[in-house]
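Reading through the structure tokens given below for one structure.
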Amino acid sequence: MANLYDIPVNRITGEGTSLADFRGKALLIVNTASKCGLTPQYDALEKLYARHKADGLEILGFPANDFGAQEPGSNEEIATFCKGSFGVSFPMFQKIVVTGPDTHPLYQELIAEKPEATAKQPGEFRQKLANYAPPNPAPGILWNFEKFVVDRHGRVVERFSPETLPDDPIVLSAIETALQS
């Protein structure tokens, strides 16, 4: 398995980097979209970031246009939307692919390390999606706003289904555990 810290990514402004910038931090990695029914999660993500950044939490947003074409904008448009609509101050990265044969190496690794997502009501969101569009088969990313919790040592310790809100007690508990690692 690759080391998450070594995988190249690009900040939303275009600079090449890697997750090594976040070594020693607990991470919440989220694939995002601006035109999704789940987009209001940006608000909860930003509040979570404001509350726990000083404790060592970094939230990393990776826009993806893989589900229902719900992230059609350019990186610049995405950055403007996130800042203007939700006051997003956590790090955002350039749009990537999180499903299918062109899945970004970061998401290949996240999925390999945590192939199953935790959900309060397993299968319920997948069933709702089936009425809208064919859901992505497991272990792939189900939809926008799937969340991965990474501990301070770079280990993926939890994965949450898209409908699980960032401020849900089960997510908060996983983040607290990751912060204490």
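The values are calculated or read from the model by the stated rules, or taken from the named source; none is laboratory data. The shown structure was predicted, so the numbers you read here are calculated from the model rather than taken from an experiment. Glycine also receives a Cβ, built like all others from the backbone with ideal geometry; neighbour counts cover every protein chain displayed.
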Completion exercise
The one condition Gly14 fails out of (1) surrounded by 13 or more Cβ atoms within 10 Å (Cβ to Cβ); (2) on the phi > 0 side of the Ramachandran plot is (1)
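Based on what the data block shows, is Ala138 more than 23 Å from Gly16 (Cβ to Cβ), in contact with an Asp or Glu (Cβ under 9 Å, 6 or more places away or on another chain), crowded, with 19+ Cβ neighbours inside 10 Å and aliphatic (A, V, I, L, M)?
Spelling it out, it is not the case that Ala138 is more than 23 Å from Gly16 (Cβ to Cβ), in contact with an Asp or Glu (Cβ under 9 Å, 6 or more places away or on another chain), crowded, with 19+ Cβ neighbours inside 10 Å and aliphatic (A, V, I, L, M).
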Exercise for the section: Scan segment 121-153 for residues that are aromatic (Phe, Trp, Tyr) and free of Cβ contacts under 8 Å to residues at least 60 places away in the same chain and report the count. Expected result: 1
Practice task
Taking Thr39 as meeting all but one of (1) more than 18 Å from Glu158 (Cβ to Cβ); (2) among the polar types (S, T, N, Q); (3) modelled with pLDDT under 95, write down the number of the exception.
Solution key: (3)
Problem - Qualifying positions in segment 110-137 - part of a helix (DSSP H, G or I) and over 26 Å from Pro169 (Cα atoms) - result: Ala130
Completion exercise
Reported set for segment 64-95 where residues are crowded, with 19+ Cβ neighbours inside 10 Å and free of Cβ contacts under 8 Å to residues at least 40 places away in the same chain is Asn65, Lys95
Fill in the blank from the handout: Considering residues that are among the acidic types (Asp, Glu) and under 13 Å from the mean Cα position of the chain (by Cα), the number found within segment 110-146 is 1
